[in-house]
Amino acid sequence: MGSDFENHVAAVEEAAAFLCGQVDFAPEVVLALGTGLGGVADRLELVRRLPFAAIPHFPVSTVASHAGNLLFGRLGGRRVAVLQGRLHYYEGYSTRQVTLPVRVLSRLGPKVMIIANAAGGLNPALTPGSLMLLADHLNFIPDNPLRGPDQPAWGPRFPDLSAPYDAGLREKAILCATELGLANVTTGVYVAIPGPSLETPAETRYLRRCGADAVGMSTVPEVIVARHAGMQVLGISVIANVNDPDNFAPILLDDIIAQAKRAAVDLERLVVAVLEEGEG
Ligand code: HPA
């Protein structure tokens, strides 16, 4: 038995080797989908579906709204690997465990990750059901997936995050949104909180003052790993609810999922259009 970290490195490389043995398919793009957003997968020209439970060392999500499948297929003319279902820090996993699927896929050489989440709007200009392209993030999850020994084969010790989200991909997404007639697409800053409890009115006020436009419980750990591995990232939040600290309405999971599902149609069209545009 090696150290925790040695076990993690071995698990990642074993899972990557397993996937290479299962399917002769080098993904160009990783698509990581969140709560109620798995529908993009229905548009996939499927090559192979693998439940997370069938992949060595893949942790299995404990959240009912997150079906755990890895899909390989073609979408918008690109070879994509879809992570349908996501793990969260609030489930009790470390961010190293949360990001294991992205780390494993990074070993197959994709250049781009498109990651989507359902988020709460903090900026009062946002509306439920709209899409926000991530321009930047705040990591308020008290963990970092790169914490621990250095692994130079995976990326630099101190990865640069001066541009966590690729400006070119974001521009492309804005152009695609305009062409598709999606009026409600904005850009903003996403803050990741640990969860699972939602924000109080005072926390909402605080997060706004910190410069965040939307809040959620995911995405940032995966983005850190993707950037560490050299991928360009496009991040998209589906704004499920908008939180007004002075007139705070209860935030209900069923409402979040219902809004995410409604906006998922716009998200799917946008993602396919960005993929069709070709190289990042
Ligand atoms: N807060 C945190 N996470 C969320 C929210 C929210 O209001 N809505 C959807 N995910």
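The values are calculated or read from the model by the stated rules, or taken from the named source; none is laboratory data. The structure displayed is predicted, hence computed values, not measured ones. So basically every Cβ, Gly included, is an ideal-geometry build from the backbone, and we count neighbours across all protein chains shown. Note: areas computed on protein heavy atoms with side chains; ligands, DNA, RNA excluded. Shrake-Rupley method; radii C 1.70, N 1.55, O 1.52, S 1.80 Å.
Only one of the listed residues (Glu171, Glu199) is open to solvent by less than 30 Å² (accessible area, probe 1.4 Å) and of a type in the set (D, E, K, R). That residue is Glu199. Exactly one residue out of Gly34, Gly38 is at pLDDT below 95 and within 24 Å of Asn139 (Cβ to Cβ), and it is Gly34. For region 220-274, filtered to residues that are within 15 Å of the ligand (Cβ to nearest atom) and among the β-branched types (Val, Ile, Thr), the residue that is most open to solvent (accessible area, probe 1.4 Å) is Val242. If you go through region 78-123 and keep only what is within 15 Å of the ligand (Cβ to nearest atom), at pLDDT 95 or above, open to solvent by 10 Å² or more (accessible area, probe 1.4 Å) and not hydroxyl-bearing (Ser, Thr, Tyr), you end up with just Asn123. Would you check which residues across region 111-128 are assigned to a loop (DSSP other than H, G, I, E, B) and within 16 Å of Pro101 (Cα to Cα) and list them? Selection gives Lys111 alone. Mind checking whether some residue in region 6-21 is at negative phi, modelled with pLDDT of 95 or more, not in a helix (DSSP H, G or I) and not polar (S, T, N, Q)? Within region 6-21 (the criterion being at negative phi, modelled with pLDDT of 95 or more, not in a helix (DSSP H, G or I) and not polar (S, T, N, Q)), the answer is no, since none of the residues qualifies.
Please verify whether Val47 is surrounded by 14 or more Cβ atoms within 10 Å (Cβ to Cβ) and touching a Gly at 6+ places or on another chain (Cβ under 6 Å), treating the condition exactly as stated. Answer is yes for this residue. Would you call Ala214 open to solvent by less than 40 Å² (accessible area, probe 1.4 Å) and within 21 Å of Val112 (Cα to Cα)? Judged against the criteria, Ala214 is not a match. For region 129-142, the tally of residues that are open to solvent by 40 Å² or more (accessible area, probe 1.4 Å) and either touching a Cys at 6+ places or on another chain (Cβ under 7 Å) or in a loop (DSSP other than H, G, I, E, B) (or both) stands at 3. Taken over region 175-186, the criterion of being surrounded by fewer than 16 Cβ atoms within 10 Å (Cβ to Cβ) and closer than 23 Å to Ser218 by Cα is satisfied by Asn184 alone.
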